[in-house]
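Below: the structure, in structure tokens.
The values are calculated or read from the model by the stated rules, or taken from the named source; none is laboratory data. Keep in mind it's a predicted model, so treat the numbers as computed, not measured. For neighbour counting, all protein chains shown are included, and Cβ atoms are generated from backbone atoms with ideal geometry for every residue, glycine included.
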Amino acid sequence: MSEPINPDKYDPIDLGAALERIGGDASFLIELLDIYFREYTEKRRLLEEAIARQDFGEVSELGHSLKGASANLSLTRLHKAALSLEMAGRERKIHQVQEAADVLENEIANLKTYLEMHPLAGSV
């Protein structure tokens with residue numbers, strides 16, 4: 001018999017861990033996510049420019065920064081995508097950089113959709 005799938009394992013955010021990290025304050029988490037989205041928008045612009053220049057150092061730094069911010073908010077899938085971006089930049093592989101950037105963008109969209117469907121997200 002196969003193991004049951006835990007849907008939480010595939011959620012873009014571990015809400016329990018995120019809330020625990022900030023003392024259970026959902027409104028503060030909403031504020032932090034809002035800041036994350038604003039910073040992501042700027043970093044995405046910088047990432048596109050770095051990719052166009054094939055500035056792998058900048059790509060790796062942006063991936064590293066996004067990885068840390070994602071980990072701090074328990075954004076598990078974004079953390080993984082940002083790690084892939086960081087590593088692709090370090091390895092100077094433009095095709096993998098672009099793939100990782102696309103995955104990152106998809107995960108941002110997934111997170112926004114997820115938050116729209118959960119009570120915590122009313123203001124995000």
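Quick one: in segment 35-56, of everything that is aliphatic (A, V, I, L, M) and under 21 Å from Q98 (Cβ atoms), which residue is surrounded by the most Cβ atoms within 10 Å (Cβ to Cβ)?
Across segment 35-56, the extreme among qualifying residues is L47.
So which of L19, L46, L75 is in contact with a helix residue (DSSP H, G or I) (Cβ under 7 Å, 6 or more places away or on another chain) and modelled with pLDDT under 95?
Within the list L19, L46, L75, the selection yields L19.
Name, by its number, the condition in (1) surrounded by 20 or more Cβ atoms within 10 Å (Cβ to Cβ); (2) on the phi < 0 side of the Ramachandran plot that does not hold for S27.
That leaves (1) as the condition not met.
Among (1) in contact (Cβ under 8 Å) with a residue 40 or more places away in the chain; (2) buried (at least 20 other Cβ atoms within 10 Å of the Cβ), there is one condition L32 misses while meeting the rest; what is its number?
(2)
Any residue that is in contact (Cβ under 8 Å) with a residue 40 or more places away in the chain and over 17 Å from the mean Cα position of the chain (by Cα) - is there at least one of those in segment 69-91?
No, segment 69-91 has no match at all.
Tell me whether segment 114-124 contains one or more residues that are in contact with a Ser or Thr (Cβ under 6 Å, 6 or more places away or on another chain), in a helix (DSSP H, G or I) and not aliphatic (A, V, I, L, M).
No, segment 114-124 contains no residue that is in contact with a Ser or Thr (Cβ under 6 Å, 6 or more places away or on another chain), in a helix (DSSP H, G or I) and not aliphatic (A, V, I, L, M).
Tell me yes or no: at least one residue of segment 36-58 is touching a Pro at 6+ places or on another chain (Cβ under 9 Å) and not in a helix (DSSP H, G or I).
Taking every residue of segment 36-58 in turn, none turns out to be touching a Pro at 6+ places or on another chain (Cβ under 9 Å) and not in a helix (DSSP H, G or I).
Kindly establish whether V59 is on the phi < 0 side of the Ramachandran plot, buried (at least 17 other Cβ atoms within 10 Å of the Cβ) and more than 10 Å from the chain's Cα centre (by Cα).
So V59 fits the description; yes.
Take the residues of segment 70-112 that are of a type in the set (G, A, S) and in contact with a Ser or Thr (Cβ under 6 Å, 6 or more places away or on another chain): which is surrounded by the fewest Cβ atoms within 10 Å (Cβ to Cβ)?
A100
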